[in-house]
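Asker: One structure follows; several queries about it will come next.
Derivation of every value follows stated rules applied to the coordinates shown; laboratory data play no part. All values derive from a computational prediction rather than experimental measurement. Reconstructed Cβ throughout: ideal geometry from the backbone, glycine too, with neighbour counts over all protein chains shown.
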Amino acid sequence: MRLVLATRNPHKLREFALLLDGHALEPLPDAVELPPEDGDTFAANALGKARAAAAATGLPAFADDSGICVPALGGAPGIRSARWAGEDATDADNLEKLLAEAPDGADLEYVCVIAFTDPASGEEATFEGRCTGTLTREPRGEGGFGYDPAFVPDDDHTGRTMAELTAAEKDAISHRGRAARDFAAWLARR
C-alpha cells in the first residue's frame, strides 16, 4: 500500500521503512503544513498530523507522536518530549535536561501512538505501543536518537541502552516497533 508518512524526521522515516516493509512509504512533501502539536495526548497530536497529510496529498497517511514519560517527574516530558528543553531544543539538549532532572535509576516509559487516515473512505485508526525501562546516568551508544542513549529497556536483559542495540533488536521491543506491528497487521486485514 502507498502511504504518506507525516513527518520530516529522517530517523522516523528509516525506522518505519523497516517496520512497514512491503508498503511504499512516501515522505511528507515540503509544501505540506502540519498543525502544531498542541493536543493533550499522543493520539490527538498524531491524528492531527495524519489528517493534514491525507487532506493535502489525497493519499492514505499516517503519523506518529511519541515521547518518554517519567513517573518521578509527573509523567514529563510526555507529549512535549521533542521540545522539553525549549522549542528549538536538540536531542542532546533534551537528554541533558532529562539527566539533570530525573532521579538516578528512574523508571521510564516510551509511548508511541500511530494514527492512520484514509481520505477516500474517511476511515481512521490509532495504534499504541509502549516500552518500559530505567534511566542510566551515563549516555551510551551510537544508534537510535532522542533519549535512546540513556534508556535501558526492561525487555533486553543485557543492560544495554536503546542506542546500543542493533536496529533489529530495538525494533523488536520498542514502543514504535510495537505500534507499527499492530498497524501493519491491521493494514493486512483491511
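Asker: Over 5 Å intervals from 0, what percent of Cα-Cα pairs in the chain sits in each interval?
Answerer: 1, 8, 16, 21, 20, 15, 10, 5, 2, 0
Asker: Can you grab the distance from the C-alpha centre of the stretch 69-124 to the C-alpha centre of the stretch 157-182, Å, no decimals?
Answerer: Each part reduced to its Cα centre gives a spacing of 16 Å.
Asker: How charged is the neighbourhood of Glu37? Take every other residue with its Cβ under 9 Å from the Cβ of Glu37, and add Lys/Arg as +1 and Asp/Glu as -1.
Answerer: Every neighbour counted, the sum reads +1.
Asker: Please compute the net charge surrounding His11, taking Lys and Arg as +1 and Asp and Glu as -1 over other residues with Cβ under 12 Å from its Cβ.
Answerer: Every neighbour counted, the sum reads +1.
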